[in-house]
Amino acid sequence: MSSLHLSREERDHPRAALDAASVRDAYRRWAGIYDVAFGGVSAIGRRRAVEVVNMLPGNRVLEVGVGTGLALPQYRRNLDVVGIDLSRDMLKKARQRVEGQKLTHVQGLLEMDAENMAFASGSFDVAAAMFVASVVPDAKKLYAEMSRVVRPGGHLLFMNHFAAEGGFRWWLERTMAPLSRVLGWHPDFMVTDLLDPETTRIEAREACPPFGLFTLVRVRNGG
């Protein structure tokens, strides 16, 4: 079933709103088991996103929603990487990873709201958000803030699960939508929840394993 032919009632199904407190609570619960529960299924997508970051021009990289720092060892060592996350518990794990693996290219790990960053405009060449866009309360605010802190001509990358347009997966994602606050993410998240394709040109869009469950979206900032 294409999303273009859904009834109004189907389009307007209940979705539990996320806020900063519910996200913090969810990831406080997930922090201890996150690497085991999600590290494997998201590993290929995460690795691919970092591969793209490593090929892009510029050395100043922001990872939004750095979590436990699973991606940090994969960045080129001549990059200056800063990670932010709303979850203090996840950041504690990330700092342990940086210290344990001596990741000297990581310049800082900061507790910060991705929708209201403390960085000056144009502070970074690249900003990457992996498995984050469907977690924040307002993805369009996330996009706007990432665009602000990246210099004009820099790049924004999003590795994320985006909802199917039909079939069993569409039904499952729609059914799980009311559980967003418990899960800590929106199962029915769509690209249009993040950006407006009519005004924002997507430079590249790449489906990633397993089963195309995740998609890498790359945008040239200001483009």
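The values are calculated or read from the model by the stated rules, or taken from the named source; none is laboratory data. What you are looking at is a predicted structure, and each value in this text was computed from that prediction instead of being measured. Keep in mind that these areas ignore ligands, DNA and RNA; they rest on the heavy atoms of the full protein, side chains included. Shrake-Rupley method; radii C 1.70, N 1.55, O 1.52, S 1.80 Å.
A few comments on the model shown:
- For the stretch 89-128, the square roots a ≥ b ≥ c of the C-alpha gyration tensor eigenvalues yield an a/c of 1.5 or more together with a/b not exceeding b/c, which makes the shape oblate.
- Averaging the sequence gap over all C-alpha pairs within less than 8 Å and six or more residues apart, then dividing by the number of residues, gives the stretch 82-140 a relative contact order of 38 percent.
- Three-way shape call for the stretch 67-158 based on the alpha-carbon gyration tensor, with the a/c threshold at 1.5: oblate
- With all protein chains modelled, accessible area of L109 [1.4 Å, Å²]: 20 Å²
- Sorting I84, I44 by accessible area puts them as I44, I84; the probe is 1.4 Å, largest comes first, and only protein heavy atoms count.
- In this view, the solvent-accessible surface of D113, computed with a 1.4 Å probe and all protein chains in place, comes to about 60 Å².
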